[in-house]
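Inspection log for the structure reproduced underneath, given as structure tokens.
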Amino acid sequence: MSHHSHHTPRFTHPSFGTVTPDRVIIFDTTLRDGEQSPGFSMNLAEKLRMAEALASLGVDVIEAGFPVASKGDFDSVSQIAHHTKGVVICGLARSGSAKDITAAGEALAPAERKRIHTFISTSPLHMKYKLRMEPHTVLELITAGNTAARHFTDDVEWSAEDGSRTEEDFLCRCVEAAIRSGATTINIPDTVGYATPDDMEQIFAMLRERVPGADRVIFSAHNHNDLGLGVANTLASLRGGARQVECTINGIGERAGNAALEEIVMALRTRHDCYPYVTNIHTQKLLKVSRMLATITSFDVQPNKAIVGRNAFAHESGIHQDGVMKNAATYEIMTPESVGWTRSSLVMGKHSGRAAFRDKLNTLGYDTLDETRFNDAFTRFKDLADHKKLVYDEDIIALVDDEVRNHDHIRFVSLRVNTVSGQPSHVQLTLSIDQHTTEVTATGNGPVDAAFNALRQAFPHEAQLLLFSVAAVTEGTDAQARTTVRLEEADKFVDGQGADADTVVSAVRAYIHALNKLFIKRTRTKPEALHS
């Protein structure tokens, strides 16, 4: 038997009590590792919504942020700790920094159950060039960091940064020091996404065999996706004896991202014969949470993305369609409903009332809209239904996403465009900026250029437009346009999205969304190494 599950002892964990050998703990780092990727920053309200969704999805641990990085990070960890119940809230801290650990401890104070996650690099490359430290200093800092973290909570996780490229003997010594100084979870990340499944299985099996006290802690896997092996490496880590997996919704994260939560969970569920493990995830909520994250970050999931991509259950070829109609199991290894896809595509039209619209929003997962946003969305729905005979789910999603997004500072009011081919376009744009109405006129080379010039005038900024793309939300000439823009200002990237039946208006909405994000994009320091 290649799984070590038959001799994995039961043990008591400070946050989870008795953990059975087949139980896999889901550690979600969407709000920390995920949020570090370019263009992905979220504001406090968005983070709270996301944390709430993750808790109801059934994740065990939410890594809420890196409290010492900025006041914004500290506040969001503290607010999530205060509001999000029924789940362990975790904050990140560098092993060698008392300041980091105190910040994490203080930010996590309101949580029902809390975890401090300390980390330090252990690979020769990282110790030499990043930390500039000798191995003995690293060992001392592991002990000091965990001891300090234990003043705030019994639930301490320690990570060996670049663990997959660390020498075996030294990794054993580090893990032993971490266990002795009170860590209850030991994470061996493949930080740079270099490992293969065989590497990961072997590392965990080796540590569990060689390190004293290894049977009293939970081993954890955190795999990056640089070679597209994040999920494969995670499943192999479970075979090697890991029982916690660190992952993100939609696989977001730095560079090529992290192992995707929805893929790991469905692989365990679909191939229980190979991976006889269980999680607490309510799989039918996966699509809803995936969509919520895509909305908040304005970063669409690729159509062919496993589990949550819009083509994941679409059968284009005739042979497949015929097979699926006769028996779904011919080409579907899991049902669309099991991850939250609904087959009901009840089409809405201009005679649909408020109750039907609210009902539709609930089935689409927008059950938390406040009254004002609901009213705004309903008004826009009625407008759209006047232009378009049939309003599809995708239309409503695009429209509501637009309302849900943060338009706190700058709001679109109206746009007038005058265009004659071969001549400059003229626009008249009305915005509400911090509740004050502003009206500007501008010209440009075409209506979009003129509208963006007007925006620059109404709200002066230095940002460069790096990306401008328009797609149709549904088929047909009356389809809504959905525009994505990416702005860059002082090395910070933000993406904005907007939808409207009028392409120029959708472009303006997208640009405004990006500006609102730029407004809240706070200065943040990434968890760099501590130089001794």
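Summary of computed values
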{"item": "Out of Glu134, Glu157, Glu106, Glu140, sole residue that is touching a strand residue (DSSP E or B) at 6+ places or on another chain (Cβ under 9 Å) and not β-branched (Val, Ile, Thr)", "result": "Glu157"}
{"item": "In the stretch 174-229, the residues that are buried (at least 19 other Cβ atoms within 10 Å of the Cβ), touching a Cys at 6+ places or on another chain (Cβ under 8 Å) and in a helix (DSSP H, G or I)", "result": "Leu207"}
{"item": "Of all residues making up the stretch 68-115, the number that are hydroxyl-bearing (Ser, Thr, Tyr) and assigned to a loop (DSSP other than H, G, I, E, B)", "result": "4"}
{"item": "Check on Phe152, among the hydrophobic types (A, V, I, L, M, F, W, C), assigned to a loop (DSSP other than H, G, I, E, B) and in the same structural domain as Leu54 (by TED's automatic domain parsing)", "result": "yes"}
{"item": "Every residue from the stretch 486-518 that is under 21 Å from the mean Cα position of the chain (by Cα), under 22 Å from Arg380 (Cα atoms), aliphatic (A, V, I, L, M) and not in a helix (DSSP H, G or I)", "result": "none"}
{"item": "Criterion: assigned to a helix (DSSP H, G or I) and either of a type in the set (Ser, Thr, Tyr) or in contact (Cβ under 8 Å) with a residue 40 or more places away in the chain (or both) - qualifying residue of Thr143, Thr118", "result": "Thr143"}
{"item": "Of all residues making up the stretch 471-485, the number that are more than 26 Å from the chain's Cα centre (by Cα) and within 15 Å of Asp401 (Cα to Cα)", "result": "1"}
{"item": "Residue that is modelled with the lowest pLDDT [pool: residues in the stretch 313-361 that are among the basic types (Lys, Arg) and surrounded by 13 or more Cβ atoms within 10 Å (Cβ to Cβ)]", "result": "Lys350"}
{"item": "Pairs, first in the same structural domain as Gly65 (by TED's automatic domain parsing) and closer than 15 Å to Ala306 by Cα in the stretch 244-259, second surrounded by 24 or more Cβ atoms within 10 Å (Cβ to Cβ) and of a type in the set (Lys, Arg), C-beta under 8 Å, six or more apart", "result": "none"}
{"item": "Residues of the stretch 251-305 that turn out to be outside any loop (DSSP other than H, G, I, E, B) and touching a strand residue (DSSP E or B) at 6+ places or on another chain (Cβ under 8 Å), as a count", "result": "9"}
{"item": "Options Ala205, Ala221, Ala177, Ala148: the member that is in contact with a helix residue (DSSP H, G or I) (Cβ under 7 Å, 6 or more places away or on another chain) and touching a residue at least 40 places away in the same chain (Cβ under 8 Å)", "result": "Ala148"}
{"item": "Meets criteria (out of contact with any Asp or Glu (no Cβ under 7 Å at 6 or more places or on another chain) and farther than 17 Å from Asp33 by Cα) for Gly257", "result": "no"}
{"item": "The stretch 151-172, subset of a type in the set (D, E, K, R) and surrounded by fewer than 18 Cβ atoms within 10 Å (Cβ to Cβ), residue nearest to Ala107 (Cα to Cα)", "result": "Asp154"}
{"item": "Single match in Asp449, Asp395, Asp383 (criterion: closer than 27 Å to Met42 by Cα and outside any strand (DSSP E or B))", "result": "Asp395"}
{"item": "Exclusive hit being crowded, with 22+ Cβ neighbours inside 10 Å, under 29 Å from Arg10 (Cα atoms) and under 19 Å from the mean Cα position of the chain (by Cα), set Val308, Val265", "result": "Val265"}
{"item": "Residues satisfying the stated conditions in the stretch 413-440, i.e. small (Gly, Ala, Ser) and either touching a residue at least 12 places away in the same chain (Cβ under 8 Å) or surrounded by 13 or more Cβ atoms within 10 Å (Cβ to Cβ) (or both)", "result": "Ser414, Ser425, Ser432"}
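The values are calculated or read from the model by the stated rules, or taken from the named source; none is laboratory data. Please read all numbers here as calculations on a predicted model, not as lab measurements. Every residue, glycine as well, gets a Cβ built from its backbone with ideal geometry; the counts of neighbours run over all protein chains shown.
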